[in-house]
């Protein structure tokens, strides 16, 4: 069995179906029972249906079939699907809840990615090598689970100027999903939720940590993978590489930037060794001055631009603003617009990730503001404007004492080789947690941070072993339910094309 197929970890064979479950899976019954629980909220149960087919077909993800994929989730147990529209004011969010006939007494909050918190389009095939559990993954293991669109459709450029929509995305939508999801589980089965868990990666990792920050009693255990916290800081910083090239009127070409990356790898004995190193490698780019590449010889300006990009965002007076990516990482791309920036097919000037432009345009309320020709003085003003206007969306509140005091347990993991979110931002957040909570001993009571060498953006197929979905969830559950705090955990590196395991390893808690 391939690692991605190892999605079953809970013994569902010993579970029994709830009596009268089908009778409770009715819109009128659920509407009445939920109204008793939430008398002051405006909502409508729009559907409740039984699925005994063992399969869910995602019509929203039908495009997957066009590229040879599969939009069907198989081997599902019989379950009730409930959809609820909840008013958040002027807008309405849709919550989808799946609850199995045979329930394990646990609730699973699922998340989305980027500026999407979930919804129909996020219901996809379970994959144990992709961190951030899905509806099918949770259901197969006996959980009642939920997802929500938070009332927002499409990119943030469409709804980001609406304060209510931003609040729904930031925290309110996920909280509503949680309270309604748990309530539906209890109404359908006639008994309380014993334990509740939240897990997501990237934007879903931000979503998960927002629950700990804003609603410390919602979940017993939370796992935030490669979390997009410090949201405003790292998105605004996505303009930095292009800004540096503008400042020195010098484009650092694709082949040359690759040469700098390779030189960092060679400084520690090669690529394989680099992806085993557990800390930042400080490298002097002038070391390869004059080296020949496919893009020409490395010049002093090449070295200067690379040095400034690695140094990270700062003011004209050299004051620190935020973190960049680590020397040796590949945080750029060619043609494909994924990464901190990319080199387009036509033209030499790199472009930044599209979400960066969308978000900064929101801060200025100007979708046409030129962001491709900034210099450092301009960048400083852009960064300041983003923090002033959108800093409240950063999800960087490090005081988690209410969550810890409520008995909550938290796992955070982040790949050292993440090409989308600078890992040092997550480490910075952890440092602030330690300061606020009075040191490592208190932190260890409720939180584990895993910084994984070679691991990328929330999956097990980058350059180094990472923990699988089942490994992380089981570690979290053992901590919550049996007070067994996680330490070293097994990890795997798999080939993305074949699915075969390339290497096994462990991930260790990161401590100061």
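Points to keep in mind about this one:
- Only listed residue being at pLDDT 95 or above, out of contact with any helix residue (DSSP H, G or I) (no Cβ under 6 Å at 6 or more places or on another chain), surrounded by fewer than 17 Cβ atoms within 10 Å (Cβ to Cβ) and under 21 Å from residue 31 (Cα atoms), chosen from 94, 83: 83
- Qualifying helices (runs of 4 or more DSSP H) (wholly inside the stretch 210-270; at least 2 residues being more than 21 Å from residue 360 (Cβ to Cβ) and out of contact with any strand residue (DSSP E or B) (no Cβ under 6 Å at 6 or more places or on another chain)): 254-267
- Top-ranked residue of the stretch 9-52 - restricted to ones that are over 33 Å from the mean Cα position of the chain (by Cα) and not in a helix (DSSP H, G or I), ranked as farthest from residue 188 (Cα to Cα): 39
- When the residues of the stretch 92-109 are filtered to those that are in contact (Cβ under 8 Å) with a residue 60 or more places away in the chain and within 25 Å of the chain's Cα centre (by Cα), the one that is farthest from residue 469 (Cα to Cα) is 93.
- The stretch 348-364: number of residues that are crowded, with 16+ Cβ neighbours inside 10 Å and free of Cβ contacts under 8 Å to residues at least 24 places away in the same chain: 1
- For the stretch 422-511, the strands (runs of 3 or more DSSP E) that sit wholly inside it and include 1 or more residues that are loosely packed, with under 15 Cβ neighbours inside 10 Å and in contact (Cβ under 8 Å) with a residue 24 or more places away in the chain are 501-507.
- The set of residues in the stretch 365-378 that are out of contact with any strand residue (DSSP E or B) (no Cβ under 9 Å at 6 or more places or on another chain), in a helix (DSSP H, G or I) and surrounded by 13 or more Cβ atoms within 10 Å (Cβ to Cβ) contains only 378.
- Looking only at residues of the stretch 153-175 that are touching a helix residue (DSSP H, G or I) at 6+ places or on another chain (Cβ under 8 Å) and modelled with pLDDT of 95 or more, we find that the one that is surrounded by the most Cβ atoms within 10 Å (Cβ to Cβ) is 174.
- Checking the stated criteria, residue 387 turns out not to satisfy the condition of being closer than 19 Å to residue 170 by Cα and crowded, with 22+ Cβ neighbours inside 10 Å.
- All positions within the stretch 176-195 that are buried (at least 24 other Cβ atoms within 10 Å of the Cβ) and either over 18 Å from the mean Cα position of the chain (by Cα) or not in a helix (DSSP H, G or I) (or both): 176, 180, 181, 184, 185, 188
- Selection status of residue 255, touching a helix residue (DSSP H, G or I) at 6+ places or on another chain (Cβ under 7 Å), outside the structural domain of residue 477 (by TED's automatic domain parsing) and surrounded by fewer than 22 Cβ atoms within 10 Å (Cβ to Cβ): no
The values are calculated or read from the model by the stated rules, or taken from the named source; none is laboratory data. Given the structure is predicted, the values throughout are model-derived calculations rather than measurements. Reconstructed Cβ throughout: ideal geometry from the backbone, glycine too, with neighbour counts over all protein chains shown.
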